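J.: Next up is a structure, given as structure tokens.
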Amino acid sequence: DAKTTQPTSMDCAEGRAANLPCNHSTISGNEYVYWYRQIHSQGPQYIIHGLKNNETNEMASLIITEDRKSSTLILPHATLRDTAVYYCIVRVAGSEKLVFGKGTKLTVNP
Amino acid sequence: GAVVSQHPSWVICKSGTSVKIECRSLDFQATTMFWYRQFPKQSLMLMATSNEGSKATYEQGVEKDKFLINHASLTLSTLTVTSAHPEDSSFYICSARRGQDYGYTFGSGTRLTVV
């Protein structure tokens, strides 16, 4: 079963930052948080992942709370092409598997 | 880097026939690959973990005799849907990971329609 909780849907204005929250209150100390997105009828695209520290790459930033029970994915300047379903996934410790939850449908509006 | 190629992109087959889907890691070796299935408006469901040189590990409720997985090399895993029926129509997606410090890369998916 997925170990994360995300809002079902969110809207964001084009050019503004999109902040997508994720709750993973049962996460254990050595479990990673992964973020992926899926545009309709395509395979999921890797965005970012982290363990404890905040992470940033060319696509997004990942902010993980100090207790690691929640995280936020930040798309700094959302574009229309960022419209997708965003999945927050906690990889089970000791397992290679990624189990997907329902994700957040992000709609970027012009 | 870390490209996963999936073939075919879409396939239509008759009920009762078998269909093979290929998943290749193009620029890295993957000892482990994963197969997912996705129905319309639903999330990805993990079907099985494909291990190079050994038997696949199937998730609960997935019929291993119906969904045959072969991981013959470090760059190729295949999923064969045997005796396909219309209810097997779905979007099948594979993934692989280059190493522990990297994320998982997904293929572009295969749309299977059984008529």
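Values quoted throughout were computed directly from the atomic coordinates according to the rules given, and no laboratory measurement underlies them. Being a predicted model, the structure only gives us computed values, none of them experimental. Positions of Cβ are backbone-derived with ideal geometry, glycine not excepted, and every protein chain shown enters the neighbour counts.
J.: Dipole size in debye (nearest 20) for chain A around its Cα centre, Lys and Arg Cβ +1, Asp and Glu Cβ -1?
T.: Numbers: 11 positive and 10 negative charges, 39 e Å.
Charge dipole, chain A, about its Cα centre: 180 debye, nearest 20.
J.: Go through A:86, A:99, A:72 and say which Cα lies farthest out towards the positive end of the charge dipole of the range A:65-110; charges sit on Cβ, +1 for Lys and Arg, -1 for Asp and Glu.
T.: Checked the options; the winner is A:99.
J.: Normalised by the empirical 2.2 N^0.38 Å for globular proteins, what value does the Cα Rg of the protein assembly as shown take? Could the numbers behind the result be given before it?
T.: Working: Rg = 17.7 Å, N = 225, 2.2 N^0.38 = 17.2 Å.
Here the answer is 1.03, to two decimals.
J.: Cα-based Rg of chain B per 2.2 N^0.38 Å, rounded to two decimals?
T.: Numbers: Rg = 13.3 Å, N = 115, 2.2 N^0.38 = 13.4 Å.
Cα Rg divided by the expected 2.2 N^0.38 Å: 1.00.
J.: Shifting gears a bit: Once the other residues with Cβ under 14 Å from the Cβ of residue A:74 are scored (Lys, Arg +1; Asp, Glu -1), what is the net sum?
T.: -1
J.: Still on this structure, I have one more. Work the Kirkwood hydrodynamic radius out for the range A:70-110: mean of 1/r over every pair of different alpha-carbon atoms, inverted, in Å.
T.: 12.1
J.: Sticking with this structure for a sec: Using a Gaussian network model of chain A with C-alpha springs under 10 Å, which one of A:51, A:98, A:20 is most mobile by mean-square fluctuation?
T.: Result: A:98 has the largest fluctuation of those listed.
J.: Please count, across chain B, the pairs of lysine residues with Cα atoms under 19 Å apart that sit 8 or more places apart or on different chains. Write down the numbers at each step before the final one.
T.: Working: B:14/B:66; B:20/B:55; B:20/B:64; B:20/B:66; B:55/B:64; B:55/B:66.
Within chain B, the lysine pair count is 6.
J.: Then there's this: Mind checking which lysines have their C-alpha under 23 Å from residue A:69, skipping anything on the same chain fewer than 8 residues away?
T.: Within reach: A:3, A:52, A:97, A:102, A:105.
J.: Could you work out the local net charge near residue B:5, counting Lys and Arg as +1, Asp and Glu as -1, over the other residues with Cβ closer than 9 Å to its Cβ? Let's see the in-between values first.
T.: Values: positive: B:24; negative: B:22.
Neighbour charge sum, excluding residue B:5 itself: 0.
J.: If a cysteine in chain A has no other Cys Cβ under 4.7 Å from its own Cβ, put it on the list, ordered by number.
T.: By the Cβ distance rule, which asks for a partner under 4.7 Å, the isolated cysteines are A:12.
J.: Also, I was wondering about something else. Would you please state the base-10 log of I(q)/I(0) at q = 0.15, 0.17, 0.26 1/Å for the range B:53-115, with intensities from the Debye formula using one equal scatterer on every alpha carbon?
T.: Calculated log10 I(q)/I(0) at the listed q: -0.57, -0.72, -1.32.
J.: Another question, then. Work through the residues other than residue B:77 whose Cβ is under 13 Å from its Cβ and net out their charges, Lys, Arg +1 and Asp, Glu -1. Let's see the in-between values first.
T.: Working: positive: B:20, B:24, B:55, B:97; negative: B:22, B:52.
Once all neighbours under 13 Å are counted, the net charge is +2.
J.: On average, how much area does the Cα convex hull of chain A cover when viewed from any direction, in nm²?
T.: Value for chain A: 6.5 nm².
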